[in-house]
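A short worksheet on the structure shown next.
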Amino acid sequence: MYMEEVADEYIIGLFHGQKQEEAFRLLVRKYQERLYWHVRKMLISHEDTDDVLQNVFVKIWQNMREFRSDSKLYTWMYRIATNEALNFLNEKRRKVYGNTDEISDFLENTLEDEPSFSGDDIQRELQRAILQLSDRQRLVFNMKYFDDMSYEDMAQVLEVAVGTLKATYHNAVKKIEASLKIVDILN
Amino acid sequence: MENMEDRYKKKNPFTVPERYFDELPDRIIARVQMTGGGMKRKPVRFLRAWRGAVAVVAVSLGIWLSYMMASHNLDRIEKSEEEYVFDSQFNPTNEEIIEYLTSELDSYEWVIAGIY
C-alpha cells in the first residue's frame, strides 16, 4: 500500500486496536519526510534535524493515546515537530549565546558548513535572507512559502490567530525582499 | 512575491544521505525502545532463531500448563514457571505465557509447512 494512501483513521484505528507498533511504523513512513523537511528548514543541519526528528517521533509515540480525533493528526504532529525544533534553537541560544536573540549567526555558519546543501548561489542568498528572520517569522514563512500550508492549518499548529499569521507572513516577506534587494545592489 | 517565485521557484536546496528515509523508521523504533517508551518487545522475537524447537516446546508446555491448571495446582505452576526461563531477563506472567502459546500454536502450522 503506497504510504500516501494510508488513511489517518486507519492508522489511529490500528493503534487503538492494540497494534501499536504496526500503526506507528505506518505513521512514520507516511509522515517522516514532511516532518523532516519542516524541521530541516528551521535547523539547516541534517545531523541536528535527524536527532530532533527522532525525538519528535518518540514524543508522538508517547502521546499517541492522548491524541484527540477532533484535530487533524498531521497538524498535531506538526505542532510537536515545531516545538521540538524551537526548543532545540532555544537550547542552542542558551548554551552558545547565553539567552540572547543571536541565533542567526550560528545558523548562517551552519548553512556555510552544511555538506548537504546543494543549492546554487541564488538559493543560498534566499536561505541567508530567511535566517535573518525571527524564529516565528521563519516558521510562518517556511510553512506558507515552501509547504503551501493554509493559514487555518497553521493556526492549529502554532495556536495563533489567522490574522496574526497573515501579518507575520507579510512582514517576513517584506524583510526578505529588502534583504535580497541589498544583495542585488551589492552584486 | 511574484519576483521571488520566478527567481527562487520554491526549490529545496537541501539533500539527505542516500537511503536515509528507508532506514529512518527502524532507527526511530530503536530509539523508542531505548527510551523505554512502552513499545512492547514481543516474547516471540528472541525465539525466532529457534522456531522449530520452540514450537514443539511451546505446544508441550501448553498441554502441560492446561493439565496443571485443571488440577488446581496454581501455586506449583507459578513456582515451576520460574524454571522455564528462556532468557535470564525474560520473566513473563501467567497471562503472557498463555497469550503467547495461543498465538504460537497457529504459528506452529507455518513452521511445519516450512514457511517462516
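The values are calculated or read from the model by the stated rules, or taken from the named source; none is laboratory data. Predicted model, so just to flag it, every value in this text is computed and none were measured. Glycine also receives a Cβ, built like all others from the backbone with ideal geometry; neighbour counts cover every protein chain displayed.
Observations on the structure shown:
- Among the residues of segment A:60-75, those that are within 12 Å of another protein chain (Cβ to nearest Cβ) and surrounded by fewer than 18 Cβ atoms within 10 Å (Cβ to Cβ) comprise A:62, A:63, A:65.
- Residues that are more than 10 Å from every other protein chain (Cβ to nearest Cβ), at pLDDT below 65 and surrounded by fewer than 16 Cβ atoms within 10 Å (Cβ to Cβ), drawn from segment B:23-44: B:44
- Among residues that are acidic (Asp, Glu) and at pLDDT below 90, residue A:184 is included.
- Sole exception among (1) of a type in the set (Lys, Arg); (2) more than 23 Å from residue B:21 (Cα to Cα); (3) without any contact (Cβ under 8 Å) to a residue 40 or more places away in the chain for residue A:72, by number: (3)
- Of all residues in segment A:143-174 being assigned to a helix (DSSP H, G or I), in contact with a helix residue (DSSP H, G or I) (Cβ under 6 Å, 6 or more places away or on another chain) and among the hydrophobic types (A, V, I, L, M, F, W, C), the one that is nearest to the other protein chains (Cβ to nearest Cβ): A:172
- Test for residue A:123: is it within 14 Å of chain B (Cβ to nearest Cβ) and either in contact with a Phe, Trp or Tyr (Cβ under 9 Å, 6 or more places away or on another chain) or farther than 25 Å from residue A:168 by Cα (or both): yes
- Residue check for residue A:23: within 14 Å of chain B (Cβ to nearest Cβ) and surrounded by 13 or more Cβ atoms within 10 Å (Cβ to Cβ): yes
- Residue match in segment A:3-10 (condition: charged (D, E, K, R), free of Cβ contacts under 8 Å to residues at least 40 places away in the same chain and crowded, with 19+ Cβ neighbours inside 10 Å): no
- Per the conditions (1) closer than 20 Å to residue A:48 by Cβ; (2) without any contact (Cβ under 8 Å) to a residue 60 or more places away in the chain; (3) more than 14 Å from chain B (Cβ to nearest Cβ), the sole criterion not satisfied by residue A:78 is (2).
- Being in contact with a Leu (Cβ under 7 Å, 6 or more places away or on another chain) and closer than 26 Å to residue A:36 by Cβ is true of residue A:125.
- When residue A:138 is tested against (1) within 14 Å of another protein chain (Cβ to nearest Cβ); (2) in a helix (DSSP H, G or I); (3) surrounded by 18 or more Cβ atoms within 10 Å (Cβ to Cβ), exactly one condition is not met: (1).
- Among (1) more than 10 Å from chain B (Cβ to nearest Cβ); (2) surrounded by 15 or more Cβ atoms within 10 Å (Cβ to Cβ); (3) not aromatic (Phe, Trp, Tyr), the one test that residue A:41 misses: (1)
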